[in-house]
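The values are calculated or read from the model by the stated rules, or taken from the named source; none is laboratory data. Here the structure is a predicted model, which means the values were calculated and not measured. Don't worry about glycine lacking a Cβ; one is built from the backbone with ideal geometry, like all the others, and counts go over all protein chains shown.
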Amino acid sequence: MASKERPMRLRLEKSGHLRGRKTAAMVIAALLFITGPLGAAEVSVEKSEAFDPSAIKRVAFLPLVTVLPVEEGQRPLCPLSKRAFDACRIEDAAQAELSRIIGQALLDSGAPVSWVPQAEINAAKDKLKNQGAENLNQHGSWQMAIGREVKADAVLLGFIYCYRERSGTAYASSAPAALAFCLHLVDPSSGKVLWSLRYADEQVPLSNNLLDLSAYIKRKGKFISVAQMAEEAAAQIVLQLPWTANKDKTGRQ
């Protein structure tokens, strides 16, 4: 009797193994035909070795400035770091929209600093203009001057290289949203960069990158707008701020 049961058991085990392999093959085949949007942002942070975040008590966050390539076909360079970024179309509302989204996230971040009110920043800018400081360029010098005027310990400024709205709908887009910018926390007295963040994101079909499903799942398989992408970026900025990046779950440094 035992000898008759053994071949049957072997056949059942073999059959179960084949079914498992077929199921795995079907899953892989299904994934290969998924064309929904995927987006995995590239985020990198650098900090000066001598930088002590606890020494910064008052910070002026200034509106981001767009940076275009010097010549057509070239990649634009960050005015401070001189590093290249991939460029794309920059929507007219880019500066105001991205600055507003990041600014609100900073206010809500709980960072142990005092953010200079926008009214003070506007007043300082007007004062500098009245003093004939129109020659201050948009790539660092006017931000530093405003920081000194409002007596900030540091200035948080940034540059936009790409802010492209999706074309189409949430389920069909010929050109998905794309975003690229950088932020720098700078000492307004010395001009020294204390902390920097580089951010870039662009949605692509999931079939182009099967190894990263997290963004696809998070965005529920939809093509998001560039404003929604900016909201995600702002959340990442809060996590990477020099006052919050090293905190444990209890909020302690």
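Flag not set for Ser54, criterion: assigned to a loop (DSSP other than H, G, I, E, B), hydroxyl-bearing (Ser, Thr, Tyr) and either at pLDDT 95 or above or within 25 Å of Ile121 (Cα to Cα) (or both). The single residue among Ala145, Ala94, Ala133, Ala152 that is over 17 Å from Ser196 (Cα atoms), modelled with pLDDT of 95 or more, more than 21 Å from the chain's Cα centre (by Cα) and aliphatic (A, V, I, L, M) turns out to be Ala152. Close Cβ contacts (under 7 Å, 6 or more residues apart or on different chains) running from residues in the stretch 139-152 that are without any contact (Cβ under 8 Å) to a residue 60 or more places away in the chain to residues that are in a helix (DSSP H, G or I) and surrounded by fewer than 19 Cβ atoms within 10 Å (Cβ to Cβ) comprise Ala145/Leu128; Glu149/Lys127; Glu149/Leu128.
Looking only at residues in the stretch 224-253 that are exposed (fewer than 15 other Cβ atoms within 10 Å of the Cβ) and more than 16 Å from the chain's Cα centre (by Cα), the one that is modelled with the highest pLDDT is Asn246.
When the stretch 44-71 is examined, which residues are found to be within 20 Å of the chain's Cα centre (by Cα) and exposed (fewer than 14 other Cβ atoms within 10 Å of the Cβ)? The answer is Ser44, Glu46, Leu68. Annotation: Glu49 fulfils all but one of (1) farther than 25 Å from Glu165 by Cβ; (2) outside any loop (DSSP other than H, G, I, E, B); the unmet one is (2). Does Ile90 fit the bill of being in contact (Cβ under 8 Å) with a residue 12 or more places away in the chain, within 21 Å of Leu185 (Cβ to Cβ) and surrounded by 14 or more Cβ atoms within 10 Å (Cβ to Cβ)? No: the conditions fail for Ile90.
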